[in-house]
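Q: Here's a structure for you.
The values are calculated or read from the model by the stated rules, or taken from the named source; none is laboratory data. Bear in mind the structure is a predicted one, so any value in this text is a computation, not a measurement. Don't worry about glycine lacking a Cβ; one is built from the backbone with ideal geometry, like all the others, and counts go over all protein chains shown. The accessibility values were calculated without ligands, DNA or RNA, using every heavy atom of the protein model including side chains. Shrake-Rupley method; radii C 1.70, N 1.55, O 1.52, S 1.80 Å.
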Amino acid sequence: MQKAILGISAFYHDSAAALLVDGQIVAAAQEERFTRKKHDSSFPIHACRYVLEEGGIDYKDLAAVSFYDKPFLKFERLLETYHAFAPSGFVSFLSAMPVWIKEKLFMKRMLKKQLAELGDGDVPMYYPEHHLSHAASAFYPSPFQDAAILTIDGVGEWATTTIGHGRGKEIEILKELHFPHSVGLLYSAFTYYTGFSVNSGEYKLMGLAPYGNPCAERTTEFRKKIVDEMVDIRSDGSIVLNMDYFEYATGLKMANDAKWEELFGIPRRKAESEISQVYMDMALAIQQVTEEIVLRLACSARQLTRSKYLVLAGGVALNCVANGKLLRAGTFEDLWIQPAAGDAGGAVGAAYTVWHIHDGNERKLNGHADAIAGSYLGPEFSDKEIRRALQRYDAQARHFDDFEDLTRDIAAKIADGNVVGWFQGRMEFGPRALGNRSILLKIKYREGFRPFAPSVLEEDIAEYFDLDRPSPYMLLVAPVREEKQIPLPEGYHEKALYERLYFLRSDLPAITHIDYSARIQSVSRETNPQYWELIQQFKKLTGYGVIVNTSFNVRGEPIVCTPDDAYRCFMRTEMDFLVLGNYVLDKREQGKLAETGDWRSEFKLD
Ligand SMILES: [Fe+2]
C-alpha cells in the first residue's frame, strides 16, 4: 500500500502544504495563492485540501502529518534569558537523540482542531526541527548522493544558520549558529532601515544593491562600519552581532534607529519615499557583507564535509546574487538550491524528514535531474474548466486545437511588442513564476527600477550569459557575456540615477542589471515543453532565444492561481493578450474594460 505524508508549514510566514507519496513530491502549494492574501501565514487549509485531492488521498489514509514549526511560539519563552546563555560563534550539534520528534502539546491541540476539518482519523503527527526541515528540503530533492547542506535564514527554534552533511538517506547537522546571531535578521534589519517591509522587502534590497556605487568612499565606509561595529565575522563564517544595534529580540522592531543614525549618519528611510543614492550605497554595503559571510560559511561546509556539492535553503538562499558569487567562487563543483527556500519549502522538508529519517527509506536518485522537476507542483486547469471560467465573464476567446499554432501566433505578438499573460499547466511552488503563471514580453528598454528576469532556452544560456550550467529556478545571477556588454562611460557612477538607469548596458538592456548581471531562468524542454516551445518560436522569428518573464500578478497580490484570477488580473492591467491553456484572449475584444492598472508598478521599489 502506498504511503502518503502531508507536510505543513504554518503560522509564521508563507504557509504551505506538500504531499509526499512513497517518497515522491506529488503536490505543493502556498496558502496565499488560494486565499489571495500575500504571504498568508494562517493554517493552510486550502493548500492541504488541494494537495490531498491532487494525490487522491483521504485524510484518514495518510501515514503521517509532519509539521514545520513556528519558531516564535517557542521563542517567547526563551527571549528573556537569551542574553545569559546565547553562545558566541558556532556550536557543535551535540545531541545524538532525535530531539526533533518531541511533541509540543499546546501545538498539538491547536493543530488537531484545524486538521479535523480535513477529515476524521487519528493520523500520527511529527514535529521536525525548523532547520532540519530546511536542510531536508534542500538535500532530499537534490540530484546529489552526497552534499554539504547550508541553511541560512532569520531564525528557527534556536538555530539561525546550520551546516550539515547529507549522505544517502542520512542528514547530520554538524554546526549551528544560535539566536540572536543571525545572517537573515541582519539582512532584514537593513531591509527595515532602508524603508522596505521586513520578510518581503529583502528581495528589493538585493535589487537595490547594484545601484550602489562600488567606487564610492561612502560605500567602503558603510561596509567598514558594519563589520567593525555591528557584526563580527569569524573566519568560519559564524557571526556575532552587537545587540546594541538590534531590537528584534524584544520583538518590537528590527533595529535601534538612534544607534544606526549615529553610526551611519542617515535616518531610516521612510517607506515609499524616494530612494536616494546613500541608501543604494548602504544596500550595496550590506550585500557585500552578506556575500562574504555566505562564502565563508560555504568554505566551512566544504572543510567539514569534504563533499563536492552544496545544497542550500532558508530565506537567505533566495539571495541569487550571493548564490551566483558562490558558484563562481568554485568552492563547490555544483550547487542545488531549493526553489521554495523560505518557509513555504519547510512543508516539503518536514514531509521528507518523516519518510527518510524517521521511516528510514532510501533515496532514489534520477541521474542529474532533481525531484522538483521545475517546481510545477500546484493546481492545473483543463480546457473545459478554463472555458467555464471564460463563460462566467462572457469573455471573447479563440481556441487553438494545435498548440504549435498557438505558440507561433503568440511568439509573433510578443515580437511585435505586446505584453502577454501566459497561464499553462501546474502553478509554480515557491516565490518565483517560472513560465506557467508569467507575464511575458520582448526585451526592450525597461520602464521600472529593477530589471526584469530573462527566460532563456537552456541550450542557449552560454550564448548570452557567463554561466556554464542551467538555472531552472531563477536562483542564480550571472553576468551577461562580455562581448554583449557596453562599457560604462567615464564618471558613470557620479551621474544622476535616471541617466544611469537608461544607459544602454548591453544588447539585452531590459534584463541587464546596472552591474551587467542578469537573474536567469533557463527553460528546459523536458520540464516545461509548452514554455520551451514558445521561446523556440520566438527565436525562429527574432533570432533571440530569450524573453522577459515576470510573475503574473498585480503589485501587492499573490501570483494568480486559477483562470478566474488570471482573467481578472488581465482585465485590470496593461496586458494585451491572455493565453489560458489553448485559449487566447485579445484585450481589445473584451466587452467591459475594467479600470486599467499598471502591472509595471510591480517593478518600482516599494
Ligand atoms: Fe526558516
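Q: Among the numbered criteria (1) within 16 Å of the ligand (Cβ to nearest atom); (2) touching a residue at least 40 places away in the same chain (Cβ under 8 Å); (3) of a type outside the set (Ser, Thr, Tyr); (4) more than 22 Å from Ala28 (Cα to Cα), which single criterion is violated by Ala138?
A: Of the numbered conditions (1) within 16 Å of the ligand (Cβ to nearest atom); (2) touching a residue at least 40 places away in the same chain (Cβ under 8 Å); (3) of a type outside the set (Ser, Thr, Tyr); (4) more than 22 Å from Ala28 (Cα to Cα), the odd one out for Ala138 is (4).
Q: Can you pull out the residues in region 250-267 that are surrounded by 18 or more Cβ atoms within 10 Å (Cβ to Cβ) and assigned to a helix (DSSP H, G or I)?
A: If we filter region 250-267 for residues that are surrounded by 18 or more Cβ atoms within 10 Å (Cβ to Cβ), which is where we start, we get 254-255, 260, 264.
Within region 250-267, Trp260, Phe264 meet the criteria.
Q: Inside region 1-28, can you point out the residues that are outside any strand (DSSP E or B) and within 14 Å of the ligand (Cβ to nearest atom)? Reasoning before the result, please.
A: Pass one, region 1-28, residues outside any strand (DSSP E or B): 1-3, 10-15, 22-23.
If the condition is that a residue be outside any strand (DSSP E or B) and within 14 Å of the ligand (Cβ to nearest atom), then Ala10, Phe11, Tyr12, His13, Asp14, Ser15 are the ones that fit.
Q: Which residues, taken from region 283-307, are touching a residue at least 12 places away in the same chain (Cβ under 8 Å) and out of contact with any helix residue (DSSP H, G or I) (no Cβ under 9 Å at 6 or more places or on another chain)?
A: Passing the criteria: Arg296, Ser300, Ala301, Arg302, Leu304, Thr305.
Q: If you scan region 467-492, which residues turn out to be surrounded by fewer than 17 Cβ atoms within 10 Å (Cβ to Cβ) and in contact (Cβ under 8 Å) with a residue 24 or more places away in the chain?
A: If the condition is that a residue be surrounded by fewer than 17 Cβ atoms within 10 Å (Cβ to Cβ) and in contact (Cβ under 8 Å) with a residue 24 or more places away in the chain, then Arg469, Gln485 are the ones that fit.
Q: In the set Glu103, Glu53, Glu76, Glu80, which member is of a type in the set (D, E, K, R), modelled with pLDDT of 95 or more, farther than 17 Å from Ser15 by Cβ and away from the ligand (no atom under 16 Å from the Cβ)?
A: On inspection, the qualifying residue turns out to be Glu53.
Q: While we're looking at this one, here's another question. Report every pair of residues separated by at least 6 positions or lying on different chains whose Cβ atoms are under 7 Å apart, first residue within region 328-357 and without any contact (Cβ under 8 Å) to a residue 24 or more places away in the chain and within 11 Å of the ligand (Cβ to nearest atom), second open to solvent by 10 Å² or more (accessible area, probe 1.4 Å) and in a helix (DSSP H, G or I).
A: none
Q: Inspect all residues belonging to region 300-312 and state whether any of them is surrounded by 24 or more Cβ atoms within 10 Å (Cβ to Cβ) and either within 16 Å of the ligand (Cβ to nearest atom) or within 17 Å of Ala216 (Cβ to Cβ) (or both).
A: Taking every residue of region 300-312 in turn, at least one turns out to be surrounded by 24 or more Cβ atoms within 10 Å (Cβ to Cβ) and either within 16 Å of the ligand (Cβ to nearest atom) or within 17 Å of Ala216 (Cβ to Cβ) (or both).
Here is a yes/no grid of residues against (1) away from the ligand (no atom under 13 Å from the Cβ); (2) touching a strand residue (DSSP E or B) at 6+ places or on another chain (Cβ under 9 Å); (3) over 17 Å from Ala313 (Cβ atoms):
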| site | (1), (2), (3) |
| --- | --- |
| Ile152 | no, yes, no |
| Gly164 | yes, yes, no |
| Ile171 | yes, yes, no |
| Glu176 | yes, yes, no |
| Phe179 | no, yes, yes |
| Gly184 | no, yes, no |
| Tyr192 | yes, yes, yes |
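Q: Between a first residue in region 141-156 that is under 16 Å from Gln303 (Cα atoms) and a second residue that is away from the ligand (no atom under 16 Å from the Cβ) and in a loop (DSSP other than H, G, I, E, B), which pairs have beta carbons less than 6 Å apart while being 6 or more apart in sequence or on different chains?
A: Sorted first by the residue in region 141-156, then by its partner, the pairs are Asp146/Ser307; Ala147/Ser307; Ala148/Ser307.
Q: Are any of the residues in region 16-28 under 16 Å from Pro339 (Cα atoms), of a type outside the set (Val, Ile, Thr) and surrounded by fewer than 24 Cβ atoms within 10 Å (Cβ to Cβ)?
A: Yes, the conditions are met somewhere in region 16-28.
Q: When only residues in region 313-327 that are modelled with pLDDT under 95 and outside any helix (DSSP H, G or I) count, which is nearest to the ligand (Cβ to nearest atom)?
A: My answer is Gly314.
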